[in-house]
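Q: My questions will all concern the structure given below.
All of the numbers you see were taken from the coordinates with simple rules; none came from a lab. Note that the coordinates shown come from a computational prediction; the quantities given were computed from them, not determined experimentally. Counting neighbours? That spans all protein chains shown, and the Cβs are built from the backbone with ideal geometry, glycine included.
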Amino acid sequence: MNLHEYQGKEILASFGVRIQRGIVAQSANEAVEAAKKLTEETGTGWHVIKAQVHAGGRGKGGGVKLAKNLKEVEEIAGQIIGMNLITPQTSAEGKKVHQVLVAEDVYYPGESETSEFYMSVLLNRGTGRNMIMYSTEGGMDIEEVAESTPHLIYTEEIDPATGILPFQARKIAFNLGLSGTAFKEMTKFVSSLYKAYVESDSSMFEINPVLKTSDDLIMAVDAKVTIDDNALFRRKQYAEMRDLREENPIEVEAGEVGLSYVDLDGNVGCMVNGAGLAMATMDLIKMAGGEPANFLDVGGTADAKRVEEAFRIILKDPAVKAILINIFGGIVRCDRVAQGVVDAYKNMGDAIQVPIIVRLQGTNAELAKEIIDNSGLAVHSAVQFQEAADKVKEVLA
């Protein structure tokens, strides 16, 4: 589950991480009031207006701007709220902005220069350990840094049995070229950031930039946070932060009826039970010359109602030209699935206008094939993987 910047900062602050303070506003008038309040609390005269959408690169799309007075706060907030923000991480249509974060200006003058760093905490799947990735090149796309100057990206792996150790926090601060007060501030920042990552059950914390202010304070100016969906049952305070407006509406609807669904860009819909079989089915479709339109796992109870719900979800995608149903009958019998497919097909009537290929293997597979073949419906049955692939190629031709 992705969070907005202001939500990620709330989590960071709760674990003692210093953040750029800000207030969320839903309108230009609210933005002005937020700016006034920030001025009273922090003394800042300038404010940064930031679009709150689940996408990076907001500044490049015009979603982050500096306001030097209240009139500019009102004008900029009015321009950003309601716009379709297009960034390198959105579709061509962009994402509609429903709210902005009015934040304090932290690039104030002082005795020393400010510095920007990149820092993220995530799982290294190759080693099974969490790691902190960091760089002196903050404020830039980390992908560009990795491509052009990979030697400027550092990683520090954390043993889950011990957590982050003091020497590791000091090593990170040293590699970032810090000393004195800034060095001590960075070690505290790193330790608190890692604690926030672990204890919030996150799968990623990305702070870009981490700012060293002119008076040697270290703070998070941005926050991109992803919470592990599987942990939300015990993190209900974070589950309440979910913004459905930012998510794919088809995926949201599928989740409400208990289907595991991920929207893709292909032309062949998939209806499968089991994640492993679903991945293999997607490979099968690509080998047949098609492109998977989705990942959809119906689970172990593929009855008529569940199959019908899956059909309706898949057919919401206008790009779907065929549907491949690939079910292994272990716990659920194949004949029951076949009858479910037939019943769902009949219930939906003219709603199904694309070819359907059904491959059922496992318990009562032969009986299931008979049910499909004798249904009188425009459903193609298959037994072997290759046969299913050939039928996909045939219907797409």
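Q: Please give the length that would be gained between GLN79 and MET131 if that part of the chain were fully extended, namely 0.36 nm times their separation in residues minus their C-alpha to C-alpha distance (nm, one decimal). Walk me through the numbers on the way to the answer.
A: Numbers: separation 52, 0.36 × 52 = 18.72 nm, distance 3.89 nm.
Full extension from GLN79 to MET131 adds 14.8 nm.
Q: Restricting to DSSP H runs of at least four residues, report the calculated mean residue ellipticity at 222 nm for the chain, -39500 (n - 2.57) per run over all residues, nearest 500 deg cm²/dmol.
A: Numbers: 13 runs with 145 residues, N = 397.
Counting only the DSSP helices, I get -11000 deg cm²/dmol.
Q: As an exercise, identify the trypsin sites (Lys or Arg not before Pro) in the stretch 99-196 lying in DSSP coil whose Cβ has no more than 11 other Cβ atoms within 10 Å. Numbers along the way, then the final one.
A: Numbers: sites: ARG125, ARG129, ARG170, LYS171, LYS184, LYS188, LYS195; in loops: ARG125.
Of the trypsin sites (Lys or Arg not before Pro), the ones in loops of the stretch 99-196 whose Cβ has at most 11 other Cβ atoms within 10 Å are ARG125.
Q: Can I ask one more? Could I have the simple spin-label model distance between PHE183 and ASP141, label points 7 Å from Cα toward Cβ, reported in nm to one decimal?
A: 3.6 nm
Q: Which of GLY163, GLY289, GLY126 moves the most in a Gaussian network model of the chain with Cα springs under 10 Å?
A: GLY126
Q: How fast does the stretch 249-396 diffuse by Stokes-Einstein, in µm²/s, taking the Kirkwood radius from C-alpha pairs at 25 °C and 0.890 mPa s? Walk me through the numbers on the way to the answer.
A: On the way: Rh = 14.7 Å.
Reported coefficient: 167 µm²/s.
Q: Right, here's the next one. Could you tell me the distance between the Cα centroids of the stretch 168-216 and the stretch 37-115, to the nearest Å?
A: Taking the Cα centre of the stretch 37-115 as reference, the centre of the stretch 168-216 is 23 Å away.
Q: Also: Quick one: dipole size for the chain, taken about the Cα centre, charges +1 on Lys/Arg Cβ and -1 on Asp/Glu Cβ, in debye to the nearest 20.
A: Details: 40 positive and 57 negative charges, 87 e Å.
Dipole size: approximately 420 debye.
Q: So, one more: Among ALA388, ASN374, LEU232, whose Cα projects farthest towards the positive end of the dipole of the chain, with charges put on the beta-carbon of Lys, Arg (+1) and Asp, Glu (-1)?
A: Positive-end residue among those listed: LEU232.
Q: Could you check which residue among ASP265, ASP228, ASP141 shows the biggest mean-square fluctuation in a GNM of the chain with a 10 Å Cα cutoff?
A: Fluctuation is largest for ASP265.
Q: Take the Cβ-Cβ distance between GLN353 and ARG245 as r, set R0 to 41 Å, and report the resulting FRET efficiency rounded to the nearest 0.05. Kindly include the intermediate steps, with their values, before the conclusion.
A: Details: r = 30 Å, r/R0 = 0.74.
With a Förster radius of 41 Å, E is 0.85.
Q: Multiply the residue gap between ARG170 and GLU33 by 0.36 nm, knock off their C-alpha separation, and tell me the result in nm, one decimal place. Mind dumping the intermediate values first?
A: Working: separation 137, 0.36 × 137 = 49.32 nm, distance 4.08 nm.
Between ARG170 and GLU33, full extension yields an extra 45.2 nm.
Q: In addition: May I ask you to derive the FRET efficiency for LYS305 and LYS60 from their Cβ-Cβ distance with R0 = 51 Å, giving the value to the nearest 0.05? Intermediate values should be presented prior to the final figure.
A: Numbers: r = 46 Å, r/R0 = 0.90.
Efficiency, from the Cβ-Cβ distance: 0.65.
Q: Step through the residues of the stretch 196-208 one at a time and calculate ³J(HN,Hα) from phi using the Karplus curve (6.51 cos²θ - 1.76 cosθ + 1.60, θ = phi - 60°), rounding each to whole Hz and writing x for Gly and Pro.
A: For the stretch 196-208, the Karplus curve yields 4, 4, 5, 7, 9, 6, 8, 9, 6, 10, 10, 10, 8 Hz.
Q: Enumerate the residues in the stretch 250-275 having an amide nitrogen under 20 Å from the point lying 7 Å beyond the Cα of VAL383 toward its Cβ.
A: Once the point is set 7 Å along Cα→Cβ of VAL383, nothing inside the stretch 250-275 turns out to lie under 20 Å by backbone N.
Q: Here is a follow-up. Residues in the stretch 226-249 near a label at LYS96, defined as backbone nitrogen under 11 Å from the 7 Å Cα→Cβ point?
A: 245-246
Q: In Å and from the alpha-carbon atoms only, list the Rg and Dmax of the stretch 57-125.
A: That works out to 15.7, 49 Å for Rg and Dmax.
Q: Something else: Sort the stretch 354-397 into rounded, prolate or oblate with this rule: let a ≥ b ≥ c be the square roots of the eigenvalues of the Cα gyration tensor; rounded if a/c is under 1.5, and if a/c is not under 1.5, prolate when a/b is larger than b/c, oblate otherwise. Walk me through the intermediate numbers first.
A: Numbers: a/c = 3.22, a/b = 1.35, b/c = 2.39.
Oblate, since a/c reaches 1.5 and b/c is not below a/b.
Q: What is the Cα coordinate range of the chain on the first, second and third principal axes, sorted by size from largest, in whole angstrom?
A: 83, 48, 40
Q: Please identify every one of the trypsin sites (Lys or Arg not before Pro) in the stretch 1-79 that sits in a loop by DSSP and has no more than 14 other beta carbons within 10 Å of its own beta carbon. The partial results should precede the final answer.
A: Details: sites: LYS9, ARG18, ARG21, LYS36, LYS37, LYS50, ARG58, LYS60, LYS65, LYS68, LYS71; in loops: ARG18, ARG21, ARG58, LYS68.
Passing sites in the stretch 1-79 are LYS68.
Q: Pairs to check: LYS184/LYS236; LYS9/LYS305; LYS65/LYS188; LYS96/LYS171. Give those whose C-alpha atoms are more than 32 Å from each other in this structure. Each step should come with its number before you reach the end.
A: On the way: LYS184/LYS236 34 Å; LYS9/LYS305 42 Å; LYS65/LYS188 30 Å; LYS96/LYS171 41 Å.
The answer is LYS184/LYS236; LYS9/LYS305; LYS96/LYS171.
Q: To continue, here is another question. Which values, in whole Å and largest first, are the semi-axes of the equivalent ellipsoid of the stretch 197-328 obtained as the square root of 5 times each eigenvalue of the Cα gyration tensor? Show your work: numbers first, answer last.
A: Values: eigenvalues 272, 63, 36 Å².
For the stretch 197-328, the semi-axes come out at 37, 18, 13 Å.
Q: Another question, if that's okay. Would you mind pulling out the separation of the Cα centroids of the stretch 116-150 and the stretch 239-279, in Å?
A: 29 Å
Q: Which of the GluC sites (Glu not before Pro) across the stretch 16-101 are loop residues per DSSP, with 14 or fewer other Cβ within 10 Å?
A: Passing sites in the stretch 16-101 are GLU93.
Q: Further, regarding this structure: Given all pairs of different Cα atoms, what value in angstroms does the Kirkwood hydrodynamic radius of the stretch 21-105 take? List each step's numbers first, then the result.
A: Working: mean 1/r = 0.0803 Å⁻¹.
Mean inverse Cα-Cα distance, inverted, gives 12.5 Å.
Q: Report the full-extension gain for the segment MET204 to LEU122: residue separation times 0.36 nm, less the Cα-Cα distance, to one decimal in nm. Working shown, then result.
A: Numbers: separation 82, 0.36 × 82 = 29.52 nm, distance 0.47 nm.
Length gained, MET204 through LEU122: 29.0 nm.
Q: With a 10 Å cut-off between alpha carbons and a GNM built on the chain, which of GLN20, GLN99, GLN386 moves the most?
A: It is GLN386.
Q: Could you please state, rounded to a whole Å, how far the C-alpha centre of the stretch 301-376 is from the C-alpha centre of the stretch 1-22?
A: When both Cα centres are located, 45 Å separates them.
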